[in-house]
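The values are calculated or read from the model by the stated rules, or taken from the named source; none is laboratory data. Predicted, not measured: the structure shown is a model, and the values here were computed from it. Note that each Cβ is placed from the backbone with ideal geometry, even for glycine, and that neighbours are counted across all protein chains shown. Side chains included, ligands, DNA and RNA excluded: accessible areas come from the protein's heavy atoms. Shrake-Rupley method; radii C 1.70, N 1.55, O 1.52, S 1.80 Å.
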Amino acid sequence: MVFSSLIFLCIFLPVVLLLYFWNNNITYRKTVLVIASLVFYAWGEPVWILTLLFSAMLDYMNGLIIDKYFGKWQAKFALIESLVINLGILATFKYSSWLIGSINTALGINIPYYDFALPVGISFYTFQTLSYTIDMYRGEIKVQKNPLSFLCYLSMFPQLVAGPIVRYIDIEGQIDNRRVTLKNFEYGVLRFVQGMVKKVVFANGIGTVATALLDGDMASSSVLSAWVGILAYTFQIYFDFSGYSDMAIGMGKMFGFNFLENFNYPYISKNITEFWRRWHISLSTFFRDYVYISLGGNRKHQAFNIFFVWMLTGLWHGASWNFVLWGVFYGVLLIAEKKLFGGALMRLPSFFAHLYTMIIVVLGWALFYYTDMNSLKEWFICAFGGTGKLYDYTGFTTLMSNLWLFIGCAVISTPLLKNCYKWFAAKLKPVNLVVTPVLVVVLLAFCFVLLVGESYNPFLYFRF
C-alpha cells in the first residue's frame, strides 16, 4: 500500500483517523496506531511483519538491559548484540545474494545461495531501532519500559517504509505525551496535500519521461535524449522522495508527532557539501552522528572517514555495484571539496557554483539509475556524443511536449512558491483563510482525478 493509492486515501487513512480520534486516551491511541501500522505493513507482504516485530522485541529487551547495567559489560554486550543481529538481518536480506553472486562471477565458481525478497522499509526501521540502542548506551535518552510505546515508535506507518529516519531521541517525549491541536492538524493536511501534488502530478508525470528515454536503446540514442532523460529522473527522484517525506510529516502532525524535515531545497545548493546537508537529511545526519564522528570525524583521518561513510551510504541504497560506484563518486568529490578546491568554490559567482553542483548531481543520478553496468556505460557514451547524434526526433518532441512540466519542476524545486505563499498569507490574511482550504480541496480533487486513470505510480525509495 502506498500513500498515493486510492485505497489508502479513501479507506485506510480516513478509517484510522476516525478510530484514532474516537477516544483521547493515550494508550488507546497508541494501540490504534500500532494495529494500523501492522496492517499497513502487512498489506503487501504479510510474512515480513515478523522481521519488524523481531527487531522491536530484540531492542526493547536490549534497552532494558542497557538501562539496568548502564556502564557495565552487560550493557556493552546488549549494544553489540543489537548491532550484530539487526545489521546481520539487514545484510542477509539485502546483500547476501548479491555478495555471493559477485564472488561466483569473479572466481568462476558456483556457491549456492538463496535470493531473498527484500522486506519493504527494512533499511529505515533497522536504522531507527539502532538509534535507540546506541543513544541508550551513550546515556542520551531514557529507557522505554512500555513495549506498546516502543512498538508504536518503530512501526508508525507514516514513516515506516520509506522514512524519514525518525530517531527515538527526536520524538521521545511525544510517544506518551502529545496532543493534536486544530492548527497542527490543518498544517498536517496542507503538508500532506503538498506532498501528494509533488508525487502524483510532478514525480509521476516527469517519471514517465525519464523511463521512456532512459530505458530505450541508448546505443542508438542522442545526446539530447540522454540528458533530457536524466534531467527528468533528477526531478522525479526529488519529487518522489520529498513528496513522500512531506506526506509522512503531514500525517505525523495529524497524529500529534513532529517529525524533522528531510529535504530543504537541495537543488539550490552551490556545492556538494551543501547538497548533502539539504538532501535526505535524516540519513546524512544518521551517518554523521553514528559513523563519521565515531571514526574521528574532522579530528583525525578525515579523508578516510568521508570515503568510508560514503561507501556505506552507497551500499545502504542497494546491493548493486552502481550504488557502490555512486557512493565512491560522492566520497571522492566531498574529499576534494574539503581538501583541494573548497575555497575556490566559495569564491565562484553563485551562478557558476550552482551550475557546477547541478552537473555533478545530475551525473550522480545517472550512476544511481542504472543498476546494470553495461546500460550505465551506454548512457555515458551517448550523453557525451559517443553515438555521433547530438539530437533526435524523440528527444526533441519529448522535451517540447513536456516543457511545462520541466519548468514547473524547476520552479517548485526552489523556495520561490513557498515565499510567495508566505507573503500572500501575511499580507492578505482574511482572504487566505478562505483561499487555502479551497486550494487544498482543488489540489486534492485534481490528484484523485489523475490517480483514477494512472497506471504509473511507483515510490522509488520503497526498494531501499
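The residues of the chain expose, per residue, 46 Å² of accessible area to a 1.4 Å probe.
Reported to the nearest whole Å, the Cα centre-to-centre distance from the range 104-126 to the range 390-422 is 38. When +1 charges are put on Lys and Arg Cβ atoms and -1 charges on Asp and Glu Cβ atoms, the dipole computed for the range 320-426 relative to its Cα centre reaches about 420 debye.
Does the range 1-118 classify as rounded, prolate or oblate by the C-alpha gyration tensor (a ≥ b ≥ c root eigenvalues; a/c under 1.5 gives rounded; else a/b over b/c gives prolate, otherwise oblate)? Because a/c hits 1.5 or more and a/b fails to exceed b/c, the range 1-118 counts as oblate. A value for Rg/Rh (Cα atoms, Kirkwood Rh) was derived from the coordinates, and within the list [x] 1.07; [y] 0.94; [z] 0.97 it appears as [z]. In the range 263-314, which trypsin sites (Lys or Arg not before Pro) are in a loop and have at most 16 other Cβ atoms within 10 Å, using DSSP for the loop call? Counting only loop positions with at most 16 other Cβ atoms within 10 Å, the trypsin sites (Lys or Arg not before Pro) in the range 263-314 are Arg299, Lys300. Partner aspartates and glutamates whose Cα lies under 17 Å from the Cα of Lys338, excluding those fewer than 8 positions away in the same chain, are identified as Glu274. With Cα atoms defining each centre, the range 260-315 and the range 334-383 are spaced 16 Å apart in the structure. Shown are Val15, Val449, whose ranking by accessible area with a 1.4 Å probe and every protein chain present, most to least, is Val449, Val15.
Summing charges over all other residues whose Cβ lies under 9 Å from the Cβ of Gln302, with Lys and Arg as +1 and Asp and Glu as -1, gives +4. Within the accessible surface of the chain, defined with a 1.4 Å probe on protein heavy atoms only, the carbon and sulfur portion equals 69 percent. Largest first, the residues Leu224, Leu231 sort by 1.4 Å accessible area into Leu231, Leu224.
On full extension, the segment bounded by Lys142 and Asn24 gains 40.0 nm, given 0.36 nm per residue less the C-alpha separation.
Nearest 0.05, what FRET efficiency do Ala410 and Val328 give at R0 = 25 Å with Cβ-Cβ as r?
Computed FRET efficiency for Ala410 and Val328 comes out at 0.30.
Stretching the chain fully between Phe116 and Asp215 yields a gain of 33.1 nm (0.36 nm per residue, less the alpha carbon separation). With 28 Å as the limit on Cα-Cα distance, the pairs of Lys94/Lys389; Lys142/Lys253; Lys145/Lys199; Lys199/Lys270; Lys72/Lys94; Lys30/Lys183 that go past it are Lys94/Lys389; Lys145/Lys199; Lys72/Lys94.
Here the extension length gained between Leu348 and Met400 equals 15.5 nm, from 0.36 nm per residue of separation less the Cα-Cα distance.
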